[in-house]
Amino acid sequence: KLSPDELRERILAVKREMGPRLLILGHHYQRDEVIELSDLQGDSYRLSALAAENEACRAIIFCGVHFMAETADILANRPEKVAQRGERIPVILPDMKAGCSMADMAEIDQVEECWQQLSQVIDISEVIPVTYVNSSAKLKAFCGRHGGTVCTSANADVALQWALSRGRRVLFFPDQHLGRNTALKMGIPLEAMPVWDPYARELGGNSREAIEKSTVILWKGHCSVHQIFRPEHVDYFRANYPGIKILVHPECMKEVVEKADVVGSTGRIIRAVEEAPPGTKWAIGTELHLVNRLKKKHPEQEIYFLAPVVCMCSTMYRIDLPHLCWAAENLAAGTPVNVIRVDDATAKDALVALERMLELKG
Ligand code: 13P
Ligand code: SF4
């Protein structure tokens, strides 16, 4: 068994050998030791954009979760890029078990069934599907095929506005909280947001009337990490730490988001702390590793974790130095492992939706 220092040295040796041809991307929820070795860090939006842009790189090791690596594969290996550089580049996920439980809550068969059922009660040509980037490539492809788009937590409002300028209704996957929080901010009333439960047999558990009155149909998915944060946690900090600011991710439930001072993607959360004056007090509701890193980086501020229990993304946590070292060394040896390859037909349709998202910016 190698020590963390030995593992770090071996990964650095691969980085030296491959130079700019290797790009290690790290999502903000990764462990510190992985973040330290990644070339670029970001939220889902920034990492997608980086994968779309990079010219020099010939391989990506994605320290994040499966849907992120799929997205990177689709963007980095879009046909014009492959033609330009004359080869596909491998996108590697160091541990194949690093999935996202929220993304798994919207399976393509359930989505097709929902679409089919909806088309029997409303004019389906007026429905624009929007999927959060935390979803499978197949669901992104579905959105691409049906005139929809992808969004991230950084641009969900822009994406919803865009969708509602093109159609009368939006079908939003898979995170009901991001969908609800964003739509509420835009002034859409709760009554116009039925929730589609893929396990309910008829109309996702809704009445025909509720569907007919809908503006945004929310898919019944959630993040198991962010559902831990509760409104009473906010009340506790407000009562015990006068002047404290509450900073949360929009995957938190509406009752938490409504009580928060700042709501935003992981990138936005980091910016808020970086821009705050010394002495600012924060209680932050997002994944534990990011909050702990912010605490370490900003000793001049008082930073607390919003929940009284440990809550971390256990699948993000699967990416560790042994997996990263194994992935990097195999890549350098010309025998890449854990390559995430989205099939061409899915990639083609998903790209349509992803390019729409990148055009929307936000
Ligand atoms: P960001 O889009 O804010 O990076 O979040 C990704 C994610 O998985 C949050 O749970
Ligand atoms: Fe998925 Fe939640 Fe983990 Fe983000 S924090 S990757 S949404 S399970």
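Using a Förster distance of 30 angstrom, determine the FRET efficiency expected from the C-beta separation of Glu274 and Leu190, and round it to 0.05.
Values: r = 34 Å, r/R0 = 1.14.
The formula returns an efficiency of 0.30 here.
Given the convex hull over the Cα atoms of region 1-87, what projected area results after averaging over all orientations, in nm²?
Numbers: hull surface 24.1 nm².
Orientation-averaged projected area of the Cα hull: 6.0 nm².
Taking the dipole about the Cα centre of the chain, with the C-beta of Lys and Arg at +1 and of Asp and Glu at -1, give me whichever of Leu12, Gly147, Pro277 is farthest to the positive side.
Of the options given, the answer is Pro277.
Using only C-alpha atoms and all pairs of different ones, pull out the Kirkwood radius for region 230-305 in Å with one decimal. It would help to have the intermediate numbers written out before the result.
Numbers: mean 1/r = 0.0819 Å⁻¹.
Evaluated on region 230-305, it is 12.2 Å.
Which distance in Å, rounded to a whole number, links the C-alpha centroids of region 249-282 and region 61-115?
Cα centroid of region 249-282 versus Cα centroid of region 61-115: 28 Å apart.
Average the reciprocal distances over every distinct pair of alpha-carbons in the chain, invert the result, and give the Kirkwood radius in Å.
21.2
Mind putting together the pair-distance distribution for region 103-219? All Cα pairs, 5 Å bins, whole percent per bin, short to long.
2, 13, 26, 28, 21, 9, 1
With the cut-off at 19 Å, tell me which of the pairs Lys259/Lys295; Lys220/Lys348; Lys259/Lys281; Lys138/Lys213; Lys220/Lys254 have Cα atoms farther apart than that. Working shown, then result.
Working: Lys259/Lys295 22 Å; Lys220/Lys348 27 Å; Lys259/Lys281 16 Å; Lys138/Lys213 28 Å; Lys220/Lys254 14 Å.
Result: Lys259/Lys295; Lys220/Lys348; Lys138/Lys213 exceed 19 Å.
Taking the Cα centre of the chain as origin, work out the dipole magnitude from +1 charges on Lys and Arg Cβ and -1 charges on Asp and Glu Cβ, in debye rounded to 20.
Once rounded to the nearest 20, the dipole reads 420 debye.
Can you work out the Karplus-derived ³J(HN,Hα) for every residue in region 304-311? Use 6.51 cos²θ - 1.76 cosθ + 1.60 with θ = phi - 60°, whole Hz, and x for glycine or proline.
With coefficients 6.51, -1.76 and 1.60, one gets 10, 8, 5, 9, x, 10, 6, 9 Hz.
In what order do Lys138, Lys296 fall by count of nearby beta-carbon atoms within 10 Å, going from fewest to most?
Exposure proxy ranking, most exposed first: Lys296, Lys138.
Under the 0.36 nm per residue contour assumption, what length would be gained going from the current alpha-carbon distance of Met96 and Gln161 to full extension? All intermediate terms of the calculation are to be shown ahead of the outcome.
Working: separation 65, 0.36 × 65 = 23.40 nm, distance 3.51 nm.
Between Met96 and Gln161, full extension yields 19.9 nm more.
Using label points projected 7 Å from each Cα along Cα→Cβ, tell me how many nm separate Ala13 and Glu55, to one decimal.
Inter-label distance under the simple model: 3.3 nm.
Output ³J(HN,Hα) for region 342-353: one whole-Hz value per residue in order, computed from phi by the Karplus curve 6.51 cos²θ - 1.76 cosθ + 1.60 with θ = phi - 60°, and x for Gly and Pro.
7, 4, 4, 5, 5, 4, 4, 6, 5, 4, 4, 5
Once R0 is set to 41 Å, what does the formula 1/(1 + (r/R0)^6) return for the Cβ-Cβ distance between Ser314 and Gln117, expressed as a FRET efficiency to the nearest 0.05?
For Ser314 and Gln117, the calculated efficiency is 0.75.
Which residue, Val82, Val263, Val339, tops the fluctuation ranking in a GNM of the chain built on C-alpha contacts under 10 Å?
Among Val82, Val263, Val339, the largest GNM mean-square fluctuation belongs to Val82.
I want to check the label-to-label distance for Asp39 and Arg341. Put each point 7 Å from Cα in the C-beta direction and report it in nm to one decimal.
2.2
Suppose each label sits 7 Å from its Cα in the direction of the beta carbon; what would the Lys348-Lys281 distance come out to in nanometres?
Roughly 5.9 nm, to one decimal.
Using the Karplus equation 6.51 cos²θ - 1.76 cosθ + 1.60 (θ = phi - 60°), what ³J(HN,Hα) coupling, rounded to whole Hz, does each residue of region 113-128 give in order, writing x for Gly and Pro?
Residue by residue, region 113-128 yields 5, 4, 4, 5, 5, 4, 5, 8, 10, 10, 6, 5, 5, 8, 9, 10 Hz.
Scan around Lys245 for amide H atoms under 5 Å from its own, H built in the peptide plane at 1.01 Å from N, and keep only partners 5 or more places away or cross-chain.
It is Lys281, Trp282, Ala283, by chain and number.
On full extension of the chain, what length is gained from Ser224 through Asp32, given 0.36 nm per residue of separation minus the C-alpha to C-alpha distance?
Gain in length upon complete extension: 66.9 nm.
None of the figures in this text is laboratory data; all of them are computed from the coordinates on show. All of these numbers come straight from a predicted model, not from anything done at the bench. So basically every Cβ, Gly included, is an ideal-geometry build from the backbone, and we count neighbours across all protein chains shown.
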